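*Asks:* Shown below is the structure under consideration.
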Amino acid sequence: MKTGFIGYFNNAPEVSSGKKLLLIILGILLFISLVLFGPVMALQQTVFNPDCVASYVNDLDVPALTNSWLKENVSPTNPVLAKSAELAIINFEPQIKELMRSSVRNIYAYILDSLKKGKLLDTIAAQKPVVENLAAHIQAIMDLPALSPVFQMLGVNSESITKNMDAGQINGLFDMLEQLAALKSFVVILMSSMIPLLLLMIALVIAIVLIARRPGFMSGELGLISATSGALQFIIILPAGGLGKSLVSQFNLPPLIRDWLLRLVQDFNSIVMIYGGALLLAGIALIVIYYALKRVKHAKGS
């Protein structure tokens with residue numbers, strides 16, 4: 001083995017001008033790949049990950065969310081029932097959250113699947129009439145023979161439900177999804193580009209190592225590329241995070257969905273920052289190695 005792979009790097013000749021040009025081209029491609037990989041990986045872990053969105057349910061205070069509604073709509077007519085419902089929600093909060101996580105994950109996965117297949121606009125168009133006639137649809141559900149006695153016992157009517165559901169906010173969500181559907185081609189590329197980017201980066205690093213052969217040259221080039229790519233993650237993504245938050249605020253969204261979207265932006269930024277920091281540290285370490293090898297070479301030469 002010493003005369004094989006390791007021997008390939010021992011006493012390697014000086015890098016020729018032609019190889020230097022090829023290494024520069026490969027280095028530029030690696031730099032672009034490293035810069036793109038961080039945001040793409042973060043998108044895969046957050047925006048394109050239904051499990052990430054579903055995990056936000058864990059932080060919900062379900063009793064607090066329901067108690068205000070119970071006090072306003074049920075307590076005036078049936079305080080004993082309201083108190084019983086409050087205790088039941090507290091006792092069954094883990095099961096309620098599990099059901100909510102499953103529902104959120106399935107809905108979000110359905111939206112992403114519809115977007116990927118180019119059917120998101122059709123899905124939105126099919127749901128808009130339901131929102132426009134929200135009160136009538138709620139009343140129709142409440143009039144079902146199996147449910148009507150339950151709603152009457154709770155003292156709940158369609159008006160008490162619709163006043164807590166802002167149709168304008170639901171339409172704001174549709175508007176946001178329509179904007180997302182307009183970016184279908186771009187989004188689909190992002191959703192499927194993580195693995196190809198990773199394989200490309202590995203191939204480029206291997207090519208640079210095999211062509212350069214000299215450890216000092218390799219550590220210098222790879223260190224500069226890594227450090228610069230890491231620094232750019234901070235320079236580019238921090239303003240992009242602010243832009244994402246401003247875009248979310250442009251739509252009239254339900255408060256819970258708006259908060260979750262802002263959290264998605266924050267989680268996206270955090271992953272990119274960690275990735276950028278790791279690249280920066282790796283680049284600095286390689287540059288230190290480059291100068292250490294250079295000093296050893298000069299010491300031997302003198």
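*Asks:* Quick one: is residue 140 surrounded by fewer than 17 Cβ atoms within 10 Å (Cβ to Cβ), over 30 Å from residue 230 (Cβ atoms) and modelled with pLDDT of 90 or more?
*Replies:* Numbers: surrounded by fewer than 17 Cβ atoms within 10 Å (Cβ to Cβ): yes; over 30 Å from residue 230 (Cβ atoms): yes; modelled with pLDDT of 90 or more: no.
So residue 140 does not fit the description; no.
Quick grid of which residues meet (1) out of contact with any Ser or Thr (no Cβ under 7 Å at 6 or more places or on another chain); (2) surrounded by 15 or more Cβ atoms within 10 Å (Cβ to Cβ):
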{"position": "225", "(1), (2)": "yes, yes"}
{"position": "230", "(1), (2)": "yes, yes"}
{"position": "239", "(1), (2)": "yes, no"}
{"position": "251", "(1), (2)": "yes, yes"}
{"position": "260", "(1), (2)": "yes, yes"}
{"position": "267", "(1), (2)": "no, yes"}
{"position": "288", "(1), (2)": "yes, no"}
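*Asks:* Related question: Please work out which one of (1) in contact with a Lys or Arg (Cβ under 9 Å, 6 or more places away or on another chain); (2) assigned to a helix (DSSP H, G or I); (3) within 24 Å of residue 167 (Cα to Cα) is the condition residue 251 fails and give its number.
*Replies:* So residue 251 meets the others, but not (2).
Matching residues to (1) at pLDDT 85 or above; (2) closer than 29 Å to residue 167 by Cα; (3) part of a helix (DSSP H, G or I):
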site	(1), (2), (3)
242	no, yes, yes
247	no, yes, yes
257	yes, yes, yes
265	yes, yes, yes
287	yes, no, yes
295	no, no, yes
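*Asks:* Out of all the residues in segment 231-255, which are in contact (Cβ under 8 Å) with a residue 60 or more places away in the chain, farther than 30 Å from residue 171 by Cβ and of a type outside the set (Val, Ile, Thr)?
*Replies:* 232, 233
*Asks:* Let me ask something additional. Say we look at segment 49-59 and pick out the residues that are in contact (Cβ under 8 Å) with a residue 24 or more places away in the chain and either more than 22 Å from residue 256 (Cβ to Cβ) or not small (Gly, Ala, Ser) (or both); which of these is surrounded by the fewest Cβ atoms within 10 Å (Cβ to Cβ)?
*Replies:* Residues of segment 49-59 in contact (Cβ under 8 Å) with a residue 24 or more places away in the chain: 50-58.
From what's left, either more than 22 Å from residue 256 (Cβ to Cβ) or not small (Gly, Ala, Ser) (or both): 50-53, 56-58.
Values: 50: 18, 51: 12, 52: 19, 53: 25, 56: 17, 57: 19, 58: 9.
In this case the residue turns out to be 58.
*Asks:* Can you pull out every residue in segment 108-133 that is free of Cβ contacts under 8 Å to residues at least 12 places away in the same chain and over 20 Å from residue 182 (Cα atoms)?
*Replies:* Listed by number, the residues that qualify are 129, 130, 133.
*Asks:* Check off (1) in contact (Cβ under 8 Å) with a residue 40 or more places away in the chain; (2) of a type outside the set (A, V, I, L, M, F, W, C); (3) farther than 19 Å from residue 264 by Cβ for residue 46 and give me the number that stays unchecked.
*Replies:* The number of the failed condition is (3).
*Asks:* In the list 64, 42, which residue meets the criterion of being more than 21 Å from residue 232 (Cα to Cα) and not acidic (Asp, Glu)? Give the derivation first.
*Replies:* On the way: 42 fails: more than 21 Å from residue 232 (Cα to Cα).
Exactly one of 64, 42 is more than 21 Å from residue 232 (Cα to Cα) and not acidic (Asp, Glu), namely 64.
For (1) among the aliphatic types (A, V, I, L, M); (2) surrounded by 16 or more Cβ atoms within 10 Å (Cβ to Cβ); (3) more than 23 Å from the chain's Cα centre (by Cα), each residue gets a yes or a no:
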| site | (1), (2), (3) |
| --- | --- |
| 85 | yes, yes, yes |
| 103 | no, no, no |
| 115 | yes, yes, no |
| 120 | yes, yes, no |
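The values are calculated or read from the model by the stated rules, or taken from the named source; none is laboratory data. Owing to the predicted nature of the structure, the values given are computational and were not obtained by experimental measurement. For neighbour counting, all protein chains shown are included, and Cβ atoms are generated from backbone atoms with ideal geometry for every residue, glycine included.
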